[in-house]
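These notes concern the structure reproduced below.
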Amino acid sequence: MKSPLLALPGAVPAEGADEGVAAHYGGLFPEQRELAAGRGFVDLSHRGVLTVTGADRLSWLHLLLTQHVSALPPQQATDALVLSPNGHVEHALYLVDDGETTWAHVEPGTQAALIAYLESMKFFYRVEVADATADYAVVYLPAGSEVSAEGAAAVRELPYGRDLFVPRAELAGLTAGYGPAAGMWAYEALRIEGHRPRLGFETDHRTIPHEVDWLSTAVHLQKGCYRGQETVARVHNLGKPPRRLVLLNLDGMEEKLPAHGAEVLRPGQDRPVGFVTSSARHHELGPIALALVKRNTPVDEVLLADGVPGSQDVIVPA
């Protein structure tokens, strides 16, 4: 679904998972600086949007998700996961309830599979699940933004900013007053700096929540049963995750950025200890990347990400 904001001056379309919105509008670092200063917005209208309505919506979602949502107060944002029976991450949802409807946005193109799973679990519960992607779009406002959320159907207030669910038909008109537009390259650089994992980037088919620090934001360790809960509890109480997410501060002398999936090696060894999940050029930190590496990789060792040296900042303790 192509965003109308790609018609803005200087817009360069993003590719891959972020196709449909702008990668940048002609100034990568200025766009980052504006966001870091609490100005501007990011078009996230390529993301999937779903709604859940009905009297049982929160108690029902509570049974299916990793997060405690049965008594979720109106307007309080939270994150949640859907796990496989073996505890592997299948879906990531970014939620808010307005008192009548639970709103969520998800990675582009994943909403159909998620809705199919939710529909299969409705049974006798009084809930209705809908794909609202055609009618609503997500817009991000950075922390400190003084832009009014008037016109948004729902708002997720976060420590690092606000997610607005706005009518898709009004997207271009509403954002005209939001300040300078910033593209996905700027948004991703700040996401990587903030250690925020993204489904399909920091995850693969065997990722468990512990490996990417989703225990701190998307998993409630004291709630009751949900699919995959046994793995979460066992690893948390008795074991350690096999891999851990790290931030790599890359050598700024290298021109290339390591691509998603690029091998991460220890110096002098040719067997990979992990892979690059995301990378970006940050306006202050220079080139940075997130990587998923084996738990026993020494934390003080400089690693090679697609041949580019990078020191580690610990996200998930070894």
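The values are calculated or read from the model by the stated rules, or taken from the named source; none is laboratory data. Note that the structure is a prediction, hence the values are computed from the model and not measured. A quick note on method: Cβ atoms are made from the backbone with ideal geometry, for glycine too, and the neighbour counts reach across all protein chains shown. SASA here: full protein model, heavy atoms, side chains in, ligands and nucleic acids out. Shrake-Rupley method; radii C 1.70, N 1.55, O 1.52, S 1.80 Å.
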Item checked: Assigned charges on the beta-carbon of Lys, Arg, Asp, Glu; the range 52-199 dipole about Cα centre (debye) -> 240
Note to self: For a quick check of your reading of the filter: which trypsin sites (Lys or Arg not before Pro) in the range 112-210 sit in a DSSP loop and have no more than 14 other Cβ atoms within 10 Å?
What the structure shows: Lys122, Arg126, Arg206
Next item on the list: Would you work out which of Ser279, Asn296, Gly261 lies farthest towards the positive end of the dipole of the range 242-317, given +1 charges on the beta-carbon of Lys and Arg and -1 on that of Asp and Glu, about the Cα centre?
Entry: Asn296
Checklist line | Carbon and sulfur %, accessible surface of the range 48-131 computed with the full protein complex present, 1.4 Å | finding: 55
Notebook entry, point to check: Where Rh is the Kirkwood radius over the Cα pairs of the range 134-246, the temperature 10 °C and the viscosity 1.306 mPa s, what D in µm²/s does Stokes-Einstein return?
Noted result: 95
Margin query: Ignoring everything except DSSP H segments at least 4 long, calculate the 222 nm mean residue ellipticity for the chain; use -39,500 (n - 2.57) per segment, divide by total residues, nearest 500.
Written below: -4500 deg cm²/dmol
Next item on the list: Could you pull out the GluC sites (Glu not before Pro) across the range 98-144 that fall in loop regions by DSSP (anything but H, G, I, E, B) with no more than 13 other Cβ atoms inside 10 Å?
Entry: Glu100
Check: How large is ³J(HN,Hα), in whole Hz, for each residue of the range 228-238 in order, when computed from phi with the Karplus curve 6.51 cos²θ - 1.76 cosθ + 1.60 and θ = phi - 60°, using x for Gly and Pro?
Finding: x, 5, 4, 5, 4, 5, 5, 5, 5, 8, 10
Notebook entry, point to check: Dipole of the chain, Cα-centred, from +1 at each Lys and Arg C-beta and -1 at each Asp and Glu C-beta, to the nearest 20 debye?
Noted result: 800
Notebook entry, point to check: When all alpha-carbon pairs of the chain are counted, what percent fall beyond 33 Å?
Noted result: 27
